[in-house]
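The values are calculated or read from the model by the stated rules, or taken from the named source; none is laboratory data. The model shown is predicted, which means the values in this text are computed figures rather than measured ones. Note that each Cβ is placed from the backbone with ideal geometry, even for glycine, and that neighbours are counted across all protein chains shown. Side chains are part of the model used for accessible areas, which takes the heavy atoms of the whole protein and leaves out ligands, DNA and RNA. Shrake-Rupley method; radii C 1.70, N 1.55, O 1.52, S 1.80 Å.
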Amino acid sequence: MLETLSNAASQALTLMNFFGAALGIFLGSLLGAIPGLNGTMAIALLIPITYTWSPLFAIAMLVGCWKGSVYGGSISAILLNAPGTPEAAATALDGYPLTKQGKAGKALKMALYASVIGAVFSDTLLMVASPPIAALALMFGPAELAMLILFALVVVAGTGAKSQIKGLISTALGILLATVGLDPMTTQQRFTFGSIDLDAGIGLLAMLIGLLVMSEVLIQMEEGWKDAHAEVMVKSDDPDASRVTWAELKGSLGTIFRSSILGSFCGALPGVGSITAAFMGYDQARRLSKHPERFGKGEIQGVAAPEAANNAVCGAGLIPLVTLGIPGALSAAVIMGAFMIHGLAPGPMLMVEHPETIYGLFMLLILSDFFMLVIPLPLMKLGQWVISVPRAYLFPVILALCVIGAFGTHQNLFDVKIMVFFGVLGYFLKKWELSPAALLIAFILGPMAEVYLRQALKISGGDPSIFVTKPLAALFLALAVGAIVWTTLRNRRDKKAAQGRVLSSEPTAQGQKVE
Amino acid sequence: MIQNRKDFKLGVGLAGFCIFLLVYLIPKQVGPLTEADALMPSLVTGFILVFSLLLAVQAIRRPGEKEHHDQSHSGGQGSRWYTIALVVVIMAAYAWLLDITGFVLTSLGAMVALFLVFGVKRWLPIAAISLGTLGGLYLCFDMLLGAPLPVGTLVENLLD
């Protein structure tokens, strides 16, 4: 173990890799600060550039970009009340009131410190928890793994879709698309329509860029956007207005640690994600505060809590990815794409086959958290300029990057056509309230699910009862069924509650409201 | 009376697509449904068929949230769809012409067209951003990463 760690350190701790992690944080903070761009889009656009780089350098940069973008989102949330990323919405609740009080610097710095503490906590958890989970997962056979993926897919089906049925349809469509190309076991052509370009299947990166980036531009065009115009910040004479005092940091530490635990928990569970984590972190801070009435009016702990929670999602989100090969969230799915492009197949074997690379990555992740303390600071001053870039200038550049990004990885023009096709498909999926995120995760997990399912059936001689007679497989199957039942009941309850609220706010015949 | 027409159409459309897959496309493109190769496609298509029918049945009974929004359409919706269609056409042309006119000419043309569609009318920012982006991409892919960008058959012939 010590030898592995020392080899990992010698591979990872190089100036070049430090530069990669730092570059990722810089780009992520910058891109995440722009409303309309998010971390996932930024990672998707950056993957093609990393194709020829070493896996450590590339993945450290991409994960750094993910972390940077989560913090970057808070810059526009605090300065403009326009969250750069969805997970920063909770930060705006108290961040923007602080800006209006002339304490923007304090809010931005507290967001940064909380983000760093959350990220360090989460990355340490990743480093400690991954080896035993991966060792446990190595004991799983094809039947257990097939049912584990089924469970993950059912949970992930809830990501981004309007209803559970639509989420399940999106997931199934993703698996269906994954069957295009050569059969993974018999190499029989499937849905290739005689095209050699489709033999290798649908290009992951081209699909990813189309579904996540181009479709997002089309959707934002349809919804109509309002460019953020930086207001002149209120200046305060108080010297403490632009810094976090020791007393404030000390007073927020409990909140930050609780939010870090919550965020890590949300990150490690498939399908929960950083938006839920941020709001859960904010909610626990408000409920446990001695002054809950100050929340929403510029409470510094209201900035610290969501930022610690949403940054803690990143590291912990890699736990199911590196140990089980299951991406818990969309950003993790995109990172999984990067792993695969660099020849690292996520899953329990990853820690056996590439221990130096994985431990090296863990080390770089923890180091990159400390870079976060330094790199985004100048961006706070640049913040007002960065977030005001009009989207009419931004979108043509993004679309050109989509085309060249799709082409760049394999130098294949067919991939560009695939990207445009999925850009349009992603637009319609969103219009029909289906989930491109669930489709994409299912597309990534589809081939693995198929191989394990068929291997298990081969072992049992075609008898599907193998999935209920093996205790762990049966457990995962029961969890999958339980997740569907639970989500259905929860949705029904939420709809009834929403209908109740609408009814109670409608005026009666006498013109009075029903209480 | 159908309560949620959008979901009903989606459910019926998807169900029809699934039947087409099961009856025609999977047997033709993969093999008989009983073969191992066809197991996953037919299993997943079966699931989609069931969920689509459920969605259609649900749409008959439950009104969708979107139905309420549809009643208050904003006036600019038509022009937005027109702009979206234009962007899609430009992107499709961009993808198809890369092979013929190459990276530089196609990207320049596409970017200028996109800027105009997005309502940017000043030529200086259009030229500066387009040339800056193309220069940056060329430097990054062609020179730094050693991933040559397409020259285009037309440009190649002209250069020869």
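Worth a mention:
- A:ILE169 of a type outside the set (Asp, Glu), part of a loop (DSSP other than H, G, I, E, B) and modelled with pLDDT of 90 or more: no
- Region B:12-33 residues that are in contact (Cβ under 8 Å) with a residue 12 or more places away in the chain and not assigned by TED's automatic domain parsing to the domain that holds B:PHE51, paired with ones that are in a helix (DSSP H, G or I) and acidic (Asp, Glu) (beta carbon under 8 Å, 6 or more apart): none
- Only one of the numbered conditions (1) open to solvent by less than 40 Å² (accessible area, probe 1.4 Å); (2) at pLDDT below 85 is violated by A:ILE25, and that is (2).
- Where A:ALA478 falls short, out of the listed (1) among the small types (Gly, Ala, Ser); (2) modelled with pLDDT of 75 or more; (3) outside any helix (DSSP H, G or I): (3)
- For region A:288-319, the set of residues classified as assigned to a helix (DSSP H, G or I) and over 27 Å from A:ASP123 (Cβ atoms) consists of A:PRO292, A:GLU293, A:ARG294, listed by residue number.
- Looking across region A:427-456, just one residue is small (Gly, Ala, Ser), open to solvent by less than 10 Å² (accessible area, probe 1.4 Å), more than 12 Å from every other protein chain (Cβ to nearest Cβ) and part of a helix (DSSP H, G or I), and that is A:ALA438.
- Members of region A:391-419 that are of a type outside the set (Phe, Trp, Tyr), open to solvent by 10 Å² or more (accessible area, probe 1.4 Å) and either part of a helix (DSSP H, G or I) or at the interface with chain B (Cβ under 8 Å from one of its Cβ atoms) (or both): A:ARG391, A:ALA392, A:LEU394, A:VAL397, A:LEU401, A:GLN411, A:LEU413, A:ASP415, A:LYS417, A:ILE418
- Cβ-Cβ distances below 9 Å connect the following pairs, each with a first residue in region A:424-449 that is modelled with pLDDT of 90 or more and among the β-branched types (Val, Ile, Thr), a second residue that is in a helix (DSSP H, G or I) and open to solvent by less than 20 Å² (accessible area, probe 1.4 Å), and a separation of six or more residues or different chains: A:VAL424/A:GLY210; A:VAL424/A:MET214; A:VAL424/A:SER215; A:VAL424/A:LEU218; A:VAL424/B:MET91.
- Of the helices (runs of 4 or more DSSP H) entirely within region A:86-160, those holding at least 3 residues that are within 22 Å of A:VAL322 (Cβ to Cβ) occupy A:104-137, A:142-156.
Yes/no per residue for (1) among the small types (Gly, Ala, Ser); (2) more than 7 Å from every other protein chain (Cβ to nearest Cβ):
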position: B:TYR82; (1), (2): no, yes
position: B:LEU86; (1), (2): no, yes
position: B:ALA95; (1), (2): yes, no
position: B:LEU98; (1), (2): no, no
position: B:VAL104; (1), (2): no, yes
position: B:LEU108; (1), (2): no, yes
position: B:PHE118; (1), (2): no, no
position: B:ARG122; (1), (2): no, yes
position: B:ILE129; (1), (2): no, no
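- Flag for A:ALA134 being at pLDDT below 90, closer than 30 Å to A:SER368 by Cβ and not charged (D, E, K, R): yes
- Selected residue [surrounded by 22 or more Cβ atoms within 10 Å (Cβ to Cβ) and not aliphatic (A, V, I, L, M)] from A:THR50, A:THR14: A:THR50
- Some residue of region B:10-26 being open to solvent by 70 Å² or more (accessible area, probe 1.4 Å), farther than 22 Å from A:LEU453 by Cα and within 9 Å of chain A (Cβ to nearest Cβ): no
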